[in-house]
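Each remark here refers to the structure printed beneath this line.
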Amino acid sequence: MTHATRITVRDVPPRATWTLEQGGLHPLLARLYAARGIRSMDELDTRSSALLAPDKLKGAAEAATLLADAIAAGRRILIVADYDCDGATACAVGLRALRMMGATVDYLVPDRFTLGYGLSIEVAQLAAARRPDLVITVDNGIASVEGVAELKRLGIATLITDHHLPGDELPAADVIVNPNQPGCDFPSKALAGVGVMFYVALALRAELRRRGAYASAPEPNLAGLLDLVALGTVADVVALDRNNRILVAQGLARIRGGQMQAGVRALFAVAGREPARAATFDLGFALGPRLNAAGRLADMSLGIECLVTDDANRAMNIAQQLDAINRERRVIESDMREDAELLLATLDAGNRASLTLFDPGWHQGVIGILAGRVKEKLHRPTFAFARGNEGELKASGRSIPGLHLRDALDLVAKRHPGLLLRFGGHAAAAGLTLAEDRLAEFEAGFETVCRELLSPAELMRTLETDGPLESGYFSLEAVRLMQQEVWGQAFPAPVFADSFEVLNQRILKDKHLKLKLQKGGQRFDAIQFNFSDGFADNVPGRIRAAFRVDINEWNGTQTVQLMLEHFETA
């Protein structure tokens, strides 16, 4: 069952294109950037000097003072991390930066299966058992009102660094650094957790410099951590606004130049990717999932250990373990996906505004990925549930443009008091816990909210494209040129749209569709992955396709290949 997809073409302002070309930008990139709102070459300056200054970030200066005082007094610091890729990289940046600056620091990652997300009372007690003087949260904490109160009761100071949206009440921490907290006018609200921690490190170095710490000693090189910042930022799918694009571009440049942590190098190796040609795609689809797999199925401290060790052999050993866990995740996920496909075959999303799925056999580490696949396929906000603690269900949800998932849950919680035991998240992804016997109530309540908030147009999938690709740009050079740029959330990678004749077709491994296409005098190899519905083996003779261009390597030969995102009869 396919759902209607509308292929649209982005508007390309001619004046902006001309300005960028005059500034020396390649004509193809000028057109792509102009279509994404770039108006001048200044906006494409990715030198680190173009980064926003830390003093604009509310709480950063206070955090620097708190940390500098703690270092001076030899106090013990403990980082409480989140269990995803952003949390792991943020933890690694915090550990590495603080140690460079002379701090005594260790870390703790709560087990997501027993303790759940964030600094809960249980996690606070676990942290207190390590006897720290100061606890720093990374990529979590903005909702941890009770956990912070518990630490305070035990006489332990707290510094919260987070980027999630705050609830109605802020925790009574000593300092909060979060661009999304009330009263913060930092121009980039899209910093990931790792970006926030990096900014705190920059502020701390400036404070130590003011105190004369580097009068006779060299300053720590924090730019050496940008590979981690880039990885966490891309993997957390935050919007790549200008400041985030600079952070990612700087990190990629270092990786391509061979300057990276031992663990990042090892992850590239086990993923079979080439650091010298690193692209945002590698961070999001090769390294990110391998780190995330640890938090999903095992223990995220494995991922953090990979990023904090300087021993190349140990890094390689851990990266291989992460790779094995990731393969296990894929197996579990494909089993769950088959269950979900069967479930979806009986569901018609057509007259529904949302989907709530549950199977007692599902693994709670992988429900987020499953929700994402279903959402991609059926274009509906989707929650997938798995069994959690006794009598409880845990869900992970993914949303479509037009529905802010955390705000939607907030509405459900207000209308159904006591229904959601815990919830949190972003616009595009969120999680929640509820009692198993109230699943039907949640399904009905969430469906009602989605119906109110989503218009019929928003329930139709729109594929925004860059229109046809000029015939001269179906080349290895043009593809490499595009792959070197920083693309991602809210700054999408190029997708083109055009009509082609279909010369021949076949199905690979029962699921991938391989086509030979022709346009004008040019012939193209094209592939659509996981092609399971629609035309099956009867692709029409002429199609209109939305596609990305990629490089296919086969027996040492490189050729341009079209990766089809969607096609319809032309």
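Tabulated data for the structure shown
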{"read-out": "Residues of the range 28-42 satisfying the condition of being touching a helix residue (DSSP H, G or I) at 6+ places or on another chain (Cβ under 6 Å) and loosely packed, with under 14 Cβ neighbours inside 10 Å", "value": "39"}
{"read-out": "Which listed residue, of 53, 16, is closer than 30 Å to residue 161 by Cβ, modelled with pLDDT of 95 or more and of a type in the set (Gly, Ala, Ser)", "value": "53"}
{"read-out": "Residue in the range 365-377 that is among the β-branched types (Val, Ile, Thr), in contact (Cβ under 8 Å) with a residue 24 or more places away in the chain and part of a loop (DSSP other than H, G, I, E, B) present", "value": "yes"}
{"read-out": "Residue in the range 390-413 that is closer than 17 Å to residue 113 by Cα, surrounded by fewer than 19 Cβ atoms within 10 Å (Cβ to Cβ) and touching a helix residue (DSSP H, G or I) at 6+ places or on another chain (Cβ under 8 Å) present", "value": "yes"}
{"read-out": "Unique residue being over 25 Å from the mean Cα position of the chain (by Cα) and either surrounded by 22 or more Cβ atoms within 10 Å (Cβ to Cβ) or on the phi > 0 side of the Ramachandran plot (or both) when the list is 70, 88, 60", "value": "70"}
{"read-out": "For residue 366: the one exception among (1) crowded, with 20+ Cβ neighbours inside 10 Å; (2) within 18 Å of residue 112 (Cα to Cα); (3) touching a Pro at 6+ places or on another chain (Cβ under 8 Å)", "value": "(3)"}
{"read-out": "Search result, residues across the range 11-25 that are surrounded by fewer than 17 Cβ atoms within 10 Å (Cβ to Cβ) and not β-branched (Val, Ile, Thr)", "value": "11, 13, 14, 15, 18, 21, 22, 23, 24"}
{"read-out": "Restricting the range 178-190 to residues that are free of Cβ contacts under 8 Å to residues at least 60 places away in the same chain and closer than 22 Å to residue 87 by Cα, the residue that is farthest from the chain's Cα centre (by Cα)", "value": "180"}
{"read-out": "Restricting the range 414-441 to residues that are part of a strand (DSSP E or B) and farther than 19 Å from residue 371 by Cα, the residue that is modelled with the lowest pLDDT", "value": "421"}
{"read-out": "Boolean, residue 222 is buried (at least 24 other Cβ atoms within 10 Å of the Cβ) and either in the same structural domain as residue 89 (by TED's automatic domain parsing) or among the aliphatic types (A, V, I, L, M) (or both)", "value": "no"}
{"read-out": "Matching residues, the range 236-266, being out of contact with any Phe, Trp or Tyr (no Cβ under 9 Å at 6 or more places or on another chain), surrounded by fewer than 24 Cβ atoms within 10 Å (Cβ to Cβ) and modelled with pLDDT under 95", "value": "237"}
{"read-out": "Residue satisfying condition, being of a type outside the set (D, E, K, R), more than 24 Å from residue 283 (Cα to Cα), touching an Asp or Glu at 6+ places or on another chain (Cβ under 6 Å) and outside any helix (DSSP H, G or I), within set 114, 8", "value": "8"}
{"read-out": "Any hit, the range 445-453, residues being surrounded by 15 or more Cβ atoms within 10 Å (Cβ to Cβ), among the charged types (D, E, K, R) and more than 30 Å from residue 233 (Cα to Cα)", "value": "yes"}
{"read-out": "Any hit, the range 64-83, residues being touching a Pro at 6+ places or on another chain (Cβ under 9 Å), part of a helix (DSSP H, G or I), of a type outside the set (A, V, I, L, M) and in the same structural domain as residue 297 (by TED's automatic domain parsing)", "value": "no"}
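The values are calculated or read from the model by the stated rules, or taken from the named source; none is laboratory data. Since we're looking at a predicted model, the values are computed, not measured. Cβ: placed from backbone, ideal geometry, glycine included. Neighbour counts: every protein chain shown.
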